[in-house]
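Visitor: Below you will find the structure I want to go over with you.
Values in this text are rule-based calculations from the coordinates and carry no lab data. Predicted, not measured: the structure shown is a model, and the values here were computed from it. Note that each Cβ is placed from the backbone with ideal geometry, even for glycine, and that neighbours are counted across all protein chains shown.
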Amino acid sequence: MRAEKQFLTNEYVERLNASPYFIATDYTGVTVAQFEELRGKLRPLGAEIHVVKNSVFRKACEETGVGEMNGGLAGQVAVVTGENEIATAAKVVKEFGKSIDRLSIHFGYLGEERMEGEAVNRLADLPSLDVLRSQLLGTIQAPATAIARVIGTPATMLARAIQAKSEKG
């Protein structure tokens, strides 16, 4: 392998090792300005997208032990990697793809698990991890709140009765 290709392969090996996931997209027809806009939307999420040559990325995947690409790398491929959760990055890519009607998700990897484009799109439809945590916390707290309300009701009613009696005279 030529030195330039080996350098690029090493760079992608580092990116794949640093990221808990990656999403492979087809960016055919996306302009440079649109691509930069997508990069700007991914940056605050701790994610980035890079155009990669298929042979270089295939070799990087082999070196990191990600698994067989099964012909998934065809056409113009850009790869999204990130530090945080896959759902938020997938949501941005999916919504951006819909808005320009050109960008599509081929497949993704979460850890060592391959997900087809449909599975990544389903992940994009999920709420963020923070929203899920708050929903779970609300569900856990609901019974405790109800119990506290039931326990406090007789004391509240007694206090109102005493206040009413004292106001009457």
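Visitor: For the stretch 104-153 and the stretch 1-67, what is the separation of their C-alpha centers, rounded to whole Å?
Guide: The two parts, judged by their Cα centres, are 28 Å apart.
Visitor: While we're looking at this one, here's another question. Sort Arg15, Arg122, Arg2, Arg133 by Cβ crowding within 10 Å, fewest neighbours at the top.
Guide: Listed from fewest to most nearby Cβ atoms, that is Arg2, Arg133, Arg122, Arg15.
Visitor: Next question. What percent does the relative contact order of the chain come to when contacts are Cα pairs within less than 8 Å and at least six residues apart?
Guide: Numbers: 201 pairs, mean separation 44.3, N = 169.
Here the relative contact order equals 26 percent.
Visitor: Which value in deg cm²/dmol, rounded to the nearest 500, describes the helix-derived mean residue ellipticity at 222 nm for the chain, given -39,500 (n - 2.57) per DSSP H run of n ≥ 4 and division by the residue count?
Guide: Numbers: 6 runs with 102 residues, N = 169.
After summing the helix terms and dividing by the residues of the chain, the value is -20000 deg cm²/dmol.
Visitor: Further, regarding this structure: How would you classify the stretch 68-155 from its alpha-carbon gyration tensor, with a ≥ b ≥ c the square roots of the eigenvalues: rounded for a/c under 1.5, else prolate if a/b is greater than b/c, otherwise oblate?
Guide: Cα axes put the stretch 68-155 in the prolate bin.
Visitor: Among (i) 15.2; (ii) 11.8; (iii) 11.0, only one was calculated for this model; which label is it, if the read-out is mean projected area of the Cα convex hull in nm²?
Guide: Read-out from the structure maps to (i).
Visitor: Another question, if that's okay. Given Cβ point charges of +1 (Lys, Arg) and -1 (Asp, Glu) and nothing else, what value in debye, to the nearest 20, does the dipole of the chain about its Cα centre take?
Guide: Dipole magnitude for the chain comes out near 840 debye.
Visitor: Quick one: helix 86-100 against the long Cα principal axis of the chain, what's the angle to the nearest 10°, folded into 0 to 90?
Guide: Helix 86-100 and the main axis of the chain meet at about 70 degrees.
Visitor: If I stretch the segment between Ala164 and Arg2 completely, what's the gain in nm (0.36 nm per residue apart, minus their alpha carbon distance), one decimal?
Guide: Gain on stretching Ala164 to Arg2: 49.2 nm.
Visitor: Which of the lysines could a cross-linker span from Lys41 if the Cα-Cα distance has to be under 25 Å and same-chain partners fewer than 8 positions apart are dropped?
Guide: Lys41 reaches Lys53, Lys91, Lys94, Lys98.
Visitor: Rounded if a/c is under 1.5, else prolate if a/b is larger than b/c, else oblate: which is the stretch 128-169, with a ≥ b ≥ c the root eigenvalues of its Cα gyration tensor?
Guide: prolate
Visitor: Could you give the angle, 0 to 90 degrees to the nearest 10, between helix 3-18's Cα long axis and the longest principal axis of the Cα atoms of the chain?
Guide: Once rounded, the angle reads 10 degrees.
Visitor: Name the residue farthest towards the positive end of the dipole of the chain from the options Ala74, Ala90, Ala142, assuming +1 on Cβ of Lys and Arg, -1 on Cβ of Asp and Glu, about the Cα centre.
Guide: Most positive-ward Cα: Ala142.
Visitor: How do Ser19, Ser134 rank when sorted from fewest to most other Cβ atoms within 10 Å of their own Cβ?
Guide: Ser134, Ser19
Visitor: Treat each spin label as a single point 7 Å out from the Cα along the C-beta direction, and report the Ser99 to Glu116 distance in nm.
Guide: In this crude label model, Ser99 to Glu116 measures out at 2.9 nm.
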